[in-house]
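Novice: Let me begin by handing over the structure; questions about it come next.
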Amino acid sequence: MMKQQRPDLKSLPSGGGGTSRLPSLAELKALRHAQKETNQRVEELKLRLFHITEQHMDQAVRLIRRWLEDREK
């Protein structure tokens, strides 16, 4: 899985002569938007993985049942 990246607030541009500052409202909105997109992508990938796992589990169960039926004959 991809590691979720968090913005480094210390690396944001500072407004004064080397003094650190809090991010602006626009920067915070951009960060929140990026976080929402990342969260949505993670949820989509989790759902896709769930469906793939479910499909393969169904195939595995059918195969095992077939083996057991063939064994009983």
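Novice: Any residue in the range 27-46 that is on the phi > 0 side of the Ramachandran plot sitting within a Cβ distance under 9 Å of a residue that is exposed (fewer than 13 other Cβ atoms within 10 Å of the Cβ) and among the basic types (Lys, Arg)? List the pairs, counting only those 6 or more apart or interchain.
Specialist: none
Novice: Look through Leu45, Leu31, Leu22 and report the one residue that is open to solvent by 90 Å² or more (accessible area, probe 1.4 Å) and aliphatic (A, V, I, L, M).
Specialist: Leu22
The values are calculated or read from the model by the stated rules, or taken from the named source; none is laboratory data. Everything numeric here is computed off the predicted structure, so don't read it as measured data. Cβ atoms come from the backbone with ideal geometry, glycine included; neighbour counts cover every protein chain shown. For accessibility, only protein heavy atoms count, side chains too; no ligands or nucleic acids. Shrake-Rupley method; radii C 1.70, N 1.55, O 1.52, S 1.80 Å.
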